[in-house]
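Engineer: Structure provided below as structure tokens; questions to follow.
The values are calculated or read from the model by the stated rules, or taken from the named source; none is laboratory data. Worth saying up front: this structure is predicted, and the values here are computed from it rather than measured. Positions of Cβ are backbone-derived with ideal geometry, glycine not excepted, and every protein chain shown enters the neighbour counts. Just the protein is used for accessible areas: all its heavy atoms, side chains included, with ligands, DNA and RNA removed. Shrake-Rupley method; radii C 1.70, N 1.55, O 1.52, S 1.80 Å.
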Amino acid sequence: MQRHDHNLYPRRVKSDVRLPTAAHEAPPWAIAQIASDFKLLDVWRLPAQGGLDDFDTLLEIMASLDPANRGSRATRALFSLRHRLGRWFGWDDATRRRPIPGCTETTLTARLPEGLRGTATHPDMSSTSFTPLYRTDNEWAAELSNDTVHAVMHLAWIDEGEDRYRGQMGVYVRPRGRFGATYMAVIGPFRHLIVYPALMRQIERAWDARPA
């Protein structure tokens with residue numbers, strides 16, 4: 001596959017940009033059918049631009065992020081509190097298979113079209129709480145399940161024309177009952193004001209530092 005000269009693309013792009021959900025719902029992503037009963041909760045423009053094949057680099061960067069340990073002091077404090085609560089109340093017990101709220105399925109894997117099954121083998125996400133679902137040339141998705149929510153992180157590589165692409169992230173959720181809905185409402189301001197902006201800055205630094 002042809003590699004692109006990174007100098008053709010800006011290495012500094014504006015981060016911390018939350019987009020309206022319509023910006024992510026317009027393209028015909030596969031996730032729209034797979035998670036049709038999920039709510040698209042957040043959409044963020046990612047500080048990453050490049051050629052078509054640079055999507056691999058974005059995925060590798062996302063797999064390497066560690067906001068719980070390498071984020072801002074406020075972000076680390078929030079993750080520490082969330083992990084402590086998760087341990088106390090067993091919210092994140094990985095041995096439990098929880099049905100998707102409103103369904104009997106415990107994972108979205110069974111909903112994948114035949115052509116998408118087994119496509120998300122790279123990059124390695126074992127260090128995160130997410131389990132990869134599928135990968136195409138311009139989108140990638142992974143799911144997370146705990147006692148508060150069943151969520152999907154969807155990464156897209158948006159074609160802006162003239163062989164220029166940019167990253168975008170959509171977060172789809174199904175809260176787990178009234179408790180899950182209340183939990184998501186409570187943490188909403190912290191996600192938008194602290195967690196996501198800190199994550200965008202980590203992505204931006206990693207993207208700027210990638211090899212030319």
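Engineer: What distance in nm lies between label points placed 7 Å from Cα along the C-beta direction at T119 and D137?
Structural biologist: 1.1 nm
Engineer: Further question on the same structure: Taking H as built 1.01 Å from N, whose amide H comes closer than 5 Å to the amide H of L19, not counting residues under 5 places away?
Structural biologist: V43, W44, R45
Engineer: Set the Förster distance to 45 Å, then compute FRET efficiency between D53 and I187 from the Cβ-Cβ distance, nearest 0.05.
Structural biologist: So the FRET efficiency works out to roughly 0.80.
Engineer: How much length is gained on full extension from E25 to R178, taking 0.36 nm per residue of separation minus their Cα-Cα distance? Kindly include the intermediate steps, with their values, before the conclusion.
Structural biologist: Details: separation 153, 0.36 × 153 = 55.08 nm, distance 2.61 nm.
Extra length available between E25 and R178 comes to 52.5 nm.
Engineer: Of the listed peptides 32-41, 157-166, 114-123, 193-202, what is their order by residue-averaged count of other C-beta atoms within 10 Å, with the highest listed first?
Structural biologist: Numbers: 32-41: 16.5, 157-166: 14.7, 114-123: 13.0, 193-202: 18.9.
Per-residue mean Cβ counts within 10 Å order the peptides as 193-202, 32-41, 157-166, 114-123.
Engineer: At what distance in nm do the modelled label points of R111 and A77 sit from each other, each positioned 7 Å from its Cα along Cα→Cβ?
Structural biologist: The two pseudo-label positions are separated by 3.7 nm.
Engineer: Further, regarding this structure: Between D159 and W88, take the C-beta separation as r, use R0 = 41 Å, and let me know the FRET efficiency to the nearest 0.05.
Structural biologist: The value I calculate is 0.35.
Engineer: Next question. I'd like to check one number: the per residue accessible area of region 114-159, probe 1.4 Å, reported in Å² as a whole number.
Structural biologist: Ligands and nucleic acids excluded, the result is 41 Å² per residue.
Engineer: Take the solvent-accessible surface of the protein heavy atoms, probe 1.4 Å, and return the percent of it on region 120-168 that carbon and sulfur atoms account for.
Structural biologist: 43 percent
Engineer: Let me ask you something else. Can you give the local net charge around A26? Use residues other than it whose beta-carbon is closer than 15 angstrom to its beta-carbon, Lys and Arg +1, Asp and Glu -1.
Structural biologist: Counting the neighbours of A26, the net charge comes to -2.
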